[in-house]
Ligand code: DHE
């Protein structure tokens, strides 16, 4: 080989060699900086899956910005200080690259994952403890992936047990309050018997899951996935697989599911989709008699079903935008939704499928944590904002914003109870994240701002069944749940916990209490 051909060969091979070196560097970068949250194979973990099929709404430029600056209202920090622009660009290129092995989670995988530890009927039907089973709280402790069961009268801890990795979203109860279902970000559904304090069955519905919903009669569980793009239906008794719904528009474009909820008055599951402008309604079989007729749900369950979609079939409702975050009015006639990049929200009538109002709510309203109450003879809803230091209060008759309260920073969660004069909202983001505001529901004014533990995030409230006492989380590894008197706002007790996130009272959840999430 002469000198010139040697040079030509080197020139020819060099880019390929350096591309390989770059790829190895990017792999290492991904492994060291991203994999802990997004998974070694980009399939998701605490953070979402990072695959081209799940990034269709995020342009590569915007992805670069997220890596540099972090993502609002998520646990994604900014890497602008640690990574230079070439490293960020190589990570962006990496996450839009199709995976070497396309991820799949088939019906067979779901079936093979099912574990029934205690078949239906094999455990006693009486609680093992004396506490009121309808006033229990579940506290999810994300610090070490555990959950605690608290007596809602004495606030003594009855039990603490290990959960699946990274539970997210509210656990969902059967209407009698005996069983609770947990969903984890990595796709596991756990059925837990609160009377016997045992995990009775588990199944893995997907690879990267959003949340789960339980039908009002407690007979069915629906899981909403980011990966695969699917909704998965189970028989709630032992988590037997019933049906997998691939989620796609009529042209076959797949979509992640934003979340799924049970809509008892409609007798259906409602799912909002992240990548296609549709909401899906999937009816479950109607009971002969209403199952839940307490709380604000005085109408018989599913009396309002106004469509003839066969049970377990999908009714597609077109909506004018993606729904990343959403909320329902009390009779589940309307969905109030917002897209992450949008300038406001919208109200869609679920019967006609028509948009009936725009909501002028800039600053990412966190509709999922909205609550409602009666104010001067009309029903209002209130929502914090994820990127604005405000709480918006909306008249649910004409959908006008009747008040915007200035807060000490953007908030994540709001809570109240029909028997409480106050609504609570945290200041989840920014320097004042250790503060919590108390809003008087009659005057619509902030009447108190508490700082329960200076320097530590205080967030997420849940009331007891009577609306008289409440729990607030100190969201820290060395954290606590604080019990407050709901009227005097006095601290009554502190229970040490490992990064407690959500608290869920059996009565409030099974009665669809107006001041809490469902
Ligand atoms: Fe959540 C509920 C979506 C980030 C803690 N969160 C929900 C629900 C949805 C949602 C759709 C309702 C599901 C349900 O209860 O069935 N959450 C999202 C996001 O899109 C977002 C912004 C980004 C993401 O990472 O998915 C997000 N959420 C977070 C967090 O970073 C939080 C603070 C910590 C964590 O554990 O991940 C968090 N989300 C929660 C909690 C609930 C929740 C505690 C249940 C609230 C309740 O009271 O019902």
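What to note about this one:
- Within the range 23-44, tally of residues that are crowded, with 19+ Cβ neighbours inside 10 Å, part of a loop (DSSP other than H, G, I, E, B) and in contact with a helix residue (DSSP H, G or I) (Cβ under 9 Å, 6 or more places away or on another chain): 2
- Of residues in the range 322-341 being part of a loop (DSSP other than H, G, I, E, B) and within 16 Å of the ligand (Cβ to nearest atom), the one surrounded by the most Cβ atoms within 10 Å (Cβ to Cβ): 323
- Scan of the range 359-391 for residues that are at pLDDT 95 or above and under 20 Å from residue 270 (Cβ atoms), ordered by number: 371, 372, 379, 381, 383
- Qualifying residues in the range 263-290 (those that are within 16 Å of the ligand (Cβ to nearest atom) and assigned to a loop (DSSP other than H, G, I, E, B)) - the one farthest from the chain's Cα centre (by Cα): 275
- Taking the listed residues 415, 435, the one that is at pLDDT 95 or above, under 24 Å from the mean Cα position of the chain (by Cα) and within 16 Å of the ligand (Cβ to nearest atom) is 415, with no other qualifying.
- Scanning the range 170-189 for residues that are within 14 Å of the ligand (Cβ to nearest atom) and either within 12 Å of the chain's Cα centre (by Cα) or not in a loop (DSSP other than H, G, I, E, B) (or both) turns up 170, 171, 172, 173, 180, 181, 182, 183, 184, 185, 189.
- Enumeration of residues in the range 392-412 that are closer than 20 Å to residue 327 by Cα, in contact with a strand residue (DSSP E or B) (Cβ under 6 Å, 6 or more places away or on another chain), away from the ligand (no atom under 15 Å from the Cβ) and not in a strand (DSSP E or B): 396, 397, 399
- Meets criteria (out of contact with any helix residue (DSSP H, G or I) (no Cβ under 6 Å at 6 or more places or on another chain), within 16 Å of the ligand (Cβ to nearest atom) and more than 30 Å from residue 462 (Cα to Cα)) for residue 58: yes
- All positions within the range 459-478 that are in contact with a strand residue (DSSP E or B) (Cβ under 7 Å, 6 or more places away or on another chain) and away from the ligand (no atom under 13 Å from the Cβ): 464, 465, 469, 474
- Any hit, the range 243-257, residues being more than 25 Å from residue 49 (Cα to Cα) and touching a residue at least 12 places away in the same chain (Cβ under 8 Å): no
- Sole exception among (1) surrounded by fewer than 20 Cβ atoms within 10 Å (Cβ to Cβ); (2) in contact (Cβ under 8 Å) with a residue 24 or more places away in the chain; (3) more than 16 Å from residue 475 (Cα to Cα); (4) touching a strand residue (DSSP E or B) at 6+ places or on another chain (Cβ under 9 Å) for residue 133, by number: (4)
- Residue in the range 214-236 that is over 25 Å from residue 127 (Cα atoms), within 12 Å of the ligand (Cβ to nearest atom) and part of a loop (DSSP other than H, G, I, E, B) present: no
- Residue 67 modelled with pLDDT of 85 or more, touching a helix residue (DSSP H, G or I) at 6+ places or on another chain (Cβ under 7 Å) and assigned to a helix (DSSP H, G or I): yes
- Any hit, the range 483-495, residues being within 14 Å of the ligand (Cβ to nearest atom) and closer than 25 Å to residue 455 by Cα: no
- Selection count, the range 451-475, where residues are more than 22 Å from the chain's Cα centre (by Cα) and under 18 Å from residue 135 (Cα atoms): 5
- The residues in the range 237-262 that are assigned to a strand (DSSP E or B), within 15 Å of the ligand (Cβ to nearest atom) and more than 25 Å from residue 201 (Cβ to Cβ) can be counted, and the count is 1.
- Restricting attention to the range 350-391, the residues that are touching a strand residue (DSSP E or B) at 6+ places or on another chain (Cβ under 7 Å), free of Cβ contacts under 8 Å to residues at least 60 places away in the same chain and surrounded by 15 or more Cβ atoms within 10 Å (Cβ to Cβ) add up to 19.
- Exactly one residue out of 503, 499 is within 20 Å of the chain's Cα centre (by Cα) and at negative phi, and it is 503.
The values are calculated or read from the model by the stated rules, or taken from the named source; none is laboratory data. A quick note: this is a predicted structure, and the numbers were derived from the prediction, not measured. Cβ sites come from the backbone with ideal geometry, for glycine too, and all protein chains shown count toward neighbours.
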